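Below: one structure, written as structure tokens.
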Amino acid sequence: MKGEVQKCLDAGVPWLHIDVFDGVFLDSPNALTFGPQMVDNLSKRFANLHPELTLDVHLCVDRPERYAIPMAEAGATRIIFQWEAMGGENNHGDDGNTLSSAISFARTITSLGMKCGVSINPETPVKSIFPLLDSGLVDLVDVLAVEPGFGGQEFNKVAIPKIVMLRQYRDEKLRTSNGAEYVDVKILVDGGIHRGTSSLVRSAGADILVAGTALFRHPLGFEEAVNELL
């Protein structure tokens, strides 16, 4: 892991997206990844030498509230929670309880000194999260272009209209309130990102691209892979 992170930093990529799956929220023993200890090790190893380092922790877990304090103590820059985890099984996040839980969790995250983001599955309507964005607690939206849990999946074009709608909502509603600066939200796209899809999502309005397979398994090396996505 240390070597792979160093590759990112050497290539001018100081922003790490750490997927935390517990094998419960995604009901599969194969969907099991990292915990606070890994985040803590990365922070201790690299943060002092690279103050620009950003550790985004994407929680795709059951009862994500349990992870807020441990991740803050581990040195996470931002927690990105899964919108669908706020409302129980088979939830699309379109009820008041989901919104209330999401706002409460976002407040907890920011009160601990971290930034807060929200992630939505491919089947979740992007409009579901607009009331959460109105709260001003969230500074990033992770639009998933694949089903969470496994790398190497094909890009789902359902993400494109979501990005367009989100950008329009941000630019017309969130960034201006009575002509004054209100709140800015970055649009991140995660899943199926490679040379052939990066231009599509950037044209739609994405600010940040998350790539895994396209970077770490590129036949010409990591730096060439980064250049292809720019």
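The values are calculated or read from the model by the stated rules, or taken from the named source; none is laboratory data. Here the structure is a predicted model, which is why all the values come from computation and not from measurement. Methodologically, a virtual Cβ is constructed for each residue, glycine included, from the backbone with ideal geometry; neighbour enumeration extends over all protein chains shown. SASA here: full protein model, heavy atoms, side chains in, ligands and nucleic acids out. Shrake-Rupley method; radii C 1.70, N 1.55, O 1.52, S 1.80 Å.
Taking region 23-39 as the range and being in contact with a Cys (Cβ under 8 Å, 6 or more places away or on another chain) and either open to solvent by 40 Å² or more (accessible area, probe 1.4 Å) or acidic (Asp, Glu) (or both) as the test, only Phe25 passes. Of the numbered criteria (1) open to solvent by 10 Å² or more (accessible area, probe 1.4 Å); (2) at pLDDT 95 or above; (3) charged (D, E, K, R), the one Glu89 fails is (2). Among the criteria (1) closer than 22 Å to Leu144 by Cα; (2) open to solvent by 20 Å² or more (accessible area, probe 1.4 Å), the one Ala72 does not fulfil is (1).
Okay, residues lined up against (1) under 28 Å from Met114 (Cβ atoms); (2) more than 16 Å from the chain's Cα centre (by Cα); (3) open to solvent by 60 Å² or more (accessible area, probe 1.4 Å); (4) in contact (Cβ under 8 Å) with a residue 40 or more places away in the chain:
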| position | (1), (2), (3), (4) |
| --- | --- |
| Asp134 | yes, yes, no, yes |
| Val143 | yes, no, no, yes |
| Ile163 | yes, no, no, yes |
| Leu174 | yes, yes, no, yes |
| Ile187 | yes, no, no, yes |
| Gly192 | yes, no, no, yes |
| Asp207 | yes, no, yes, no |
| His218 | no, yes, no, no |
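Where helices (runs of 4 or more DSSP H) fall wholly inside region 1-109, no range has 3 or more residues that are hydroxyl-bearing (Ser, Thr, Tyr), touching a Lys or Arg at 6+ places or on another chain (Cβ under 9 Å) and farther than 30 Å from Arg217 by Cβ.
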